[in-house]
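Structure first, then comments.
Laboratory data are not the source of any read-out in this text; all were calculated from the coordinates shown. Please read these numbers as outputs of a predicted model, since none were measured by experiment. Cβ: placed from backbone, ideal geometry, glycine included. Neighbour counts: every protein chain shown.
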């Protein structure tokens, strides 16, 4: 989990409100993208290749993303198949899945790994929703930190007499407006994901 989505090095000085807003928007966009990526790896009751995104396989001593050592397929809603490009990797791939936090049991026939996606139990759903809330809150904090940085940058422009007090007030309003927009996007994304987790197939 990344804690900071910084596109601007600390102490960077801005020359205009436009620059501050552009920097804020680009950092908040990164936070949102990062959230979507993390949420994709939280599994729901149906098979989805994105739950394997964070699996790393020990490929001759190098932790390598699973999709770089095997072909992944979803032949049916409750099954993922993993076809290693190099059959000797079956063991390490299976091990990587077993030790992950997915709670899944891979089975292989020597050539292909089958990964059944069992329906989620009530308890597992609650655990996943809790994890989802923690991930969303972490990204809300990131967005609030970006807002704080933007506000400080605006105040510095005023202090350096680069903008007037009216311009400062307008800029701070804009910073807040942008922040509210991204907070809504985070809440909406989390709500959609929660619905997927709680959906009983």
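Quick rundown of the values:
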read-out	value
Per-residue Cβ neighbour rank within 10 angstrom, fewest leading, 137, 168	137, 168
Convex hull volume per residue in cubic angstrom - Cα atoms of region 49-116	76 Å³
Alpha-carbon centroids, region 91-109 and region 163-201: separation in whole Å	37 Å
In degrees, nearest ten, helix 17-40 long axis to first principal axis of the chain (Cα)	20 degrees
Acute angle (nearest 10 degrees) that the helix 165-198 long axis makes with the longest principal axis of the chain, alpha-carbon atoms	20 degrees
Length-normalised contact order for the chain - Cα pairs under 8 Å, 6+ apart - percent	26 percent
Selected from 125, 46, 170 as most flexible by GNM, with the chain as the system and alpha-carbon contacts under 10 Å	170
Residue order, fewest to most surrounding Cβ atoms within 10 angstrom, among 54, 139	54, 139
Using alpha-carbon coordinates, inclination of helix 90-99 to the longest axis of the chain, degrees	60 degrees
Estimated FRET transfer efficiency (residue 109, residue 86; beta-carbon r; R0 25 Å; 0.05)	0.95
Within a Gaussian network of the chain (alpha carbon springs, distance under 10 Å), most fluctuating of 132, 32, 112	112
Label zone at residue 99, where the point sits 7 Å out along the Cα-to-Cβ direction: region 26-63 residues whose backbone N lies under 15 Å	55-63
Relative contact order, percent, region 49-116 [alpha-carbon distance under 8 Å, six or more residues apart]	28 percent
Sequence of 129, 69, 154 once ranked by neighbouring C-beta atoms within 10 Å, starting from the fewest	129, 69, 154
Additional length obtainable on full extension of the chain from residue 121 to residue 191, 0.36 nm per residue less Cα span	23.2 nm
